[in-house]
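The structure under discussion appears below in the form of C-alpha cells.
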Amino acid sequence: MSRGHRSALSKQDIKDCILEPLSFPESPGPITVLSHAVYLPCMFCEQLYKEAEKDGLLKHMVIEHKLVIADVKLIANFRSYVLYWKKRFSEQPITDFCSVIKTNSEAPEEQQENFFLLCDVLPEDRVLREELQQERLRIILEQQQSERSDKSFQRLCMFCDEEFKVNRSILFKHMKEEHSFNVGLPDNLVYCNEFLDVLQKKLDNLQCLYCERTFRNKSTLKDHMRKKQHRKIKAQNQEYDRFYIINYLELGKNWEDVQSEDDRALGDTNEEDWSDWEELPVFAVCLFCDKQAATNEELLGHMKDIHHFDLQKIKVDLGLNFYQQVKLVNFIRRQIHQCRCHGCPEKFQSKTELITHMEKYSHISVLPERSVWDQPQYYFPTYENDSLLCTLSDSEEETTAQNEEFPVIGEDLSRLEALRKTSVLNQLVRDSVIRS
C-alpha cells in the first residue's frame, strides 16, 4: 500500500536587524475552525481525551476502531481535523474514504484483521490538511502583527541590565551588536515574549543556549559561551521551531527542509510549455528615494542625473566585480535605512533630513574606505527582493570576453608517456627547484 508524502518545503541572517517587514503570500480565505473545546473526541465513539493526550487518542482509534492516520505531525490543527472526520464518518461508511489494509492475509480468515488508512492520498483529506495549514498561517501572521503593534513591551537584556521598551527589534539588535547573540531577524520571529522566556529560563538554569551543557555557576557559563562562540541557539532544537515564521509557511516543511532544497532537482522534471507564461515587470528602487524603474539603464540614469551618484563610473573607477557591487549596494541601503550618512559620521532622525544633508554637502557620491563596506556581512540583502541587485552587470561576462583573446588548447592525452616528458610542467618544476 503506497502512501502520499509531502515533499519538503520552504527563507539567513543579516548583520544588522534592520529589514522592513517581510512579504508573505496572500492570506487565503478563512475556513471554519470548529469548536475549541478542551477535549479531543474519538472519531467513532464518545471517548474523550485531553488535548495533551493526543497519542492516547491515536492508540485508542488504532486498537478499538482499526483506524490509522498517516503523517499526524503534519496536521496543523489536529482537533479540527478529528472533528471534521467524525462528522464525515457519521454520514458515510469509512470504506468510502479509507484504504483497507488486511493483516495476516495468509492466515485463516478468523485471524485476519482489516485496518483503515486515512491519509492525504484521499483528495478530501489533502484539501482539509492544506486548509488547516493556511488557517494556522493566517493566525500566526495576525499574532506577529499584533506583537508589532503592541506598545507595552518592556524587558531587560538577558546579558546586561539595560531595559528596552515598546520595540522588540531594538532588544534583539542590542543583543546582537553588544553581546554577539544572534537569533536571526526580528521580522522572522513570532511569540517573542515566550521565546525570550524560554531563553531566559535556560540561562537561569546555567545552561548554554547552543550546546545545551549545564555549568556550575553563571561566570563559568558566560566564559564558556564567550570562548566557544556559543552565543546563539541550537537550530536543531525543535523547541524553537514554533517561534520562527518559516516553520509555518508550508505544509510539512521546517527551516532545515527549506535550506536543503536543491533547485538542480528541477532539471529532472519533464519540459513543459511555458509559452503562456506572462512575467510581470520587475521594478528596481533607487538607493536614495522612492523612484522605481523597470530597466537598469533608467534607474542608473536617474541616480546619476538626480542624485549625482554614478554607480557605473564607481564600478569602473574602483574595479568592482559583481560581488563587490552587491556589497556596496547593500551597505548604502543599510546606511540610508538607519538614517546614517555614508560620507560622514552624522546620523539623522529621518530619511528626508539625511538626503537633504547629503545633497547639500555632496556626500552622496562620497564613499568611505573600501574596508568599511567590502565585508562579507554585506553579501546579504538589506531589503528582501531588492531588484537592483539583479540588474547589476556581471563582470564575469567581461572576464569571458577577455579570455576569448587567449584560447586554451588541451594537450593530447592519447600519448601520455610522451606528454610526461615534453609537458611544460616539467620546466616549471625545474625552475622551482633552482629557485629553492
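Taken along the Cα-to-beta-carbon direction at a fixed 7 Å, the label points for residue 115 and residue 63 span 1.5 nm. In the complete set of protein chains, residue-level accessible area for residue 80 is approximately 10 Å², probe 1.4 angstrom. Pairs over the 28 Å Cα-Cα cut-off, from the set 173/304; 165/360; 232/327; 86/234; 202/327: 173/304; 165/360; 86/234; 202/327.
Taking a point 7 Å from the Cα of residue 375 along the Cα-to-Cβ direction, the residues of segment 312-328 with backbone N closer than 14 Å to it are 327-328. Site pair residue 349 and residue 211 shows an inter-label distance of 4.9 nm when each label is modelled 7 Å from Cα along Cα→Cβ.
If the segment from residue 167 to residue 155 were pulled out straight at 0.36 nm per residue, it would be longer than the present Cα-Cα gap by 3.3 nm. Report the local net charge at residue 41: Lys and Arg +1, Asp and Glu -1, summed over other residues whose C-beta lies under 14 Å from its C-beta. The answer is +2.
At an R0 of 22 angstrom, the distance between the Cβ atoms of residue 178 and residue 204 translates into a FRET efficiency of 0.60. For residue 363, the solvent-accessible surface computed with a 1.4 Å probe is close to 40 Å², ligands and nucleic acids excluded.
Here residue 139 and residue 312 are evaluated by their C-beta separation; at R0 = 41 Å the FRET efficiency comes out at 0.30. How much accessible area does residue 374 have with a 1.4 Å probe, in Å² rounded to the nearest 10? About 40 Å², rounded to the nearest 10.
A DSSP coil position with no more than 14 other Cβ atoms inside 10 Å describes the following GluC sites (Glu not before Pro) in segment 159-226: 162, 212.
Placing R0 at 30 angstrom, the Cβ-Cβ distance between residue 229 and residue 294 gives a FRET efficiency of 0.10 after rounding to 0.05. Annotation: for a label point projected 7 angstrom from Cα along Cα→Cβ of residue 241, residues of segment 74-111 with backbone N closer than 15 Å are 74-78. Residues whose amide H comes within less than 5 Å of that of residue 153, counting only those at least five positions distant or on another chain, are 166 (H built at 1.01 Å from N in the peptide plane).
The values are calculated or read from the model by the stated rules, or taken from the named source; none is laboratory data. Keep in mind that what you see is a predicted model, and the values were worked out from it rather than measured. Virtual Cβ from ideal backbone geometry, glycine too; neighbours counted across all protein chains shown. For the accessible areas, the whole protein counts, side chains as well, though only heavy atoms, and no ligand, DNA or RNA atoms are used. Shrake-Rupley method; radii C 1.70, N 1.55, O 1.52, S 1.80 Å.
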